[in-house]
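Right, one structure below, let's go through it.
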């Protein structure tokens, strides 16, 4: 079993996944920060992202839903810079990455983009507390990716 312990290993592992696997992994990564938003649309997007049999129409609809949630949450952030609103924005962006149309060329992949947005969501919490939420999220992501790879290897 491959154990992920750093970002380089995580990026390499993600790069070796198929697009549906990346989408499923991205959904798991976003679920880890789902409590940082109260937008029910994001949870619906993750249900579709996690479904290996989701069709193109379903994914396109989920993408539009996630995009709308991200735009609306960004608008709520406003000039006051409420950190909880900022966190919700990044959670919505992470969900959007999970169901976005397939990235072209050598893009980092949907699971990596979802992971980075999830980390940003946790980082927003650091502005309100003395804890290093970013590092906690990174470590949680390594565990999530390791578990996903282990499950994927069992199913092969």
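Scanning the stretch 24-56 for residues that are in contact (Cβ under 8 Å) with a residue 40 or more places away in the chain, more than 19 Å from residue 68 (Cα to Cα) and part of a helix (DSSP H, G or I), we see that the one that is nearest to the chain's Cα centre (by Cα) is 29.
Count of the stretch 18-35 residues, restricted to those that are surrounded by fewer than 24 Cβ atoms within 10 Å (Cβ to Cβ) and farther than 20 Å from residue 58 by Cβ, is 2.
Looking at residue 94, is it crowded, with 16+ Cβ neighbours inside 10 Å, within 17 Å of residue 35 (Cα to Cα) and at pLDDT below 95? Considered against the rule, which asks whether it is crowded, with 16+ Cβ neighbours inside 10 Å, within 17 Å of residue 35 (Cα to Cα) and at pLDDT below 95, residue 94 comes out as no.
The values are calculated or read from the model by the stated rules, or taken from the named source; none is laboratory data. These numbers were taken from a predicted model, which means no experiment stands behind them. When we count neighbours, we look across all protein chains shown, and the Cβ atoms used for this are built from the backbone with ideal geometry, even at glycine.
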